1. On the protein heavy atoms, probe 1.4 angstrom, tell me the percent of accessible surface of the stretch 68-213 carried by carbon and sulfur.
2. Quick one: check the C-alpha center-to-center distance for the stretch 1-45 versus the stretch 133-171, whole angstrom.
3. Can you give the angle from 0 to 90° between the axis of helix 150-170 and the longest principal axis of the chain, with both taken from C-alpha atoms, to the nearest 10?
4. Among [x] 17.1, 54; [y] 19.9, 67; [z] 18.8, 62, which is the computed Rg and Dmax of the Cα atoms in Å?
5. Enter the accessible area per residue of the chain (Å², integer; probe 1.4 Å; all protein chains in place).
6. Quick check: the angle from helix 16-27's long axis to the longest principal axis of the chain, C-alpha only, nearest 10 degrees?
7. Sorting check: for 225-235, 105-115, which peptide has the highest mean count of neighbouring beta carbons within 10 Å, and how do the rest follow?
8. Sort largest first and round to whole Å: the equivalent ellipsoid semi-axes of the stretch 26-153, each the square root of five times a Cα gyration tensor eigenvalue.
Amino acid sequence: MKLKDKVAIVTGAGVGIGRGIALEMAKEGYDIVVTDINQENAEQVAAEVAALGVKSLSVKCDVSNSSEVTELFNQTVAQFSKVDVLVNNAGIYPFVPFESMQEADWDKVMNVNLKSIFLTSKEALKTMPEGGRIINISSIASLQGFAGLVHYCATKGGVNGMIRALALETAAKNITVNAVAPGAIQTPGAQMPEDQIKGILTGIPIARMGQPEDIANAVVFLASEKSSYITGQVIVVDGGWTIK
């Protein structure tokens with residue numbers, strides 16, 4: 001049976017994993033607020049969501065900007081009155097060798113990948129009813145190092161620590177806080193030459209690249225009542241990469 005009157009915000013939902021999450025949650029019956037820094041992409045995905053028979057709203061938002069985050073939630077509450085599920089998917093991963101990394105590089109990744117979760121979670125908890133869900137997209141880069149991504153790895157490690165502490169504070173309202181840590185996922189923003197893909201596959205026991213739907217399915221589970229006794233956890237979805 002599909003849900004009724006459940007509202008989910010998905011950040012960075014204009015492309016890739018975020019788009020996949022928005023569409024899979026729409027199929028489950030959630031009304032979806034599609035937010036992305038690219039307004040055209042957000043509007044396109046919102047139209048795809050609406051075509052699945054649920055309500056949608058597209059909002060352009062830089063999630064590292066507190067005033068834009070506040071406006072995102074103002075628009076959401078004006079249309080839907082509440083937020084049942086917040087999916088913090090927006091993130092960037094610019095490759096920069098540490099010796100070349102500037103303070104501005106560090107700050108931008110911190111602001112988009114980590115500060116944004118502070119901002120959106122603060123706003124969400126103002127209207128989130130009992131039994132709500134906060135689901136953050138982490139990464140296997142929170143569990144192992146990747147050269148050229150020191151700032152990115154730091155932010156994703158921060159995500160993992162944040163969910164555990166926040167889960168303790170929200171438990172009294174039966175609001176769970178979890179994360180999904182993707183491995184190698186094929187998205188428009190992660191295009192690679194065929195030989196590089198073959199090299200990656202040698203390290204993945206399941207021997208295929210992940211798809212946005214693989215992450216979306218984990219998010220759908222964590223958003224559902226079936227996960228009501230799970231909080232403060234990181235669910236790794238990587239085809240077995242990190243178990244080797």
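The values are calculated or read from the model by the stated rules, or taken from the named source; none is laboratory data. All values reported here derive from a predicted model rather than from experimental measurement. Don't worry about glycine lacking a Cβ; one is built from the backbone with ideal geometry, like all the others, and counts go over all protein chains shown. Note: accessible area is taken over every heavy atom of the protein model, side chains too, but ligands, DNA and RNA are not part of it. Shrake-Rupley method; radii C 1.70, N 1.55, O 1.52, S 1.80 Å.
1. On the way: 3860 of 6920 Å².
C and S atoms contribute 56 percent here.
2. One Cα centre to the other: 22 Å.
3. Roughly 30 degrees between the two axes.
4. Derived directly from the coordinates: [x].
5. On the way: 11610 Å² over 244 residues.
Ligands and nucleic acids excluded, the result is 48 Å² per residue.
6. For 16-27 against the chain, the angle is about 30 degrees.
7. Values: 225-235: 14.5, 105-115: 18.9.
In descending order of packing, they fall as 105-115, 225-235.
8. Equivalent-ellipsoid dimensions as semi-axes: 29, 15, 14 Å.
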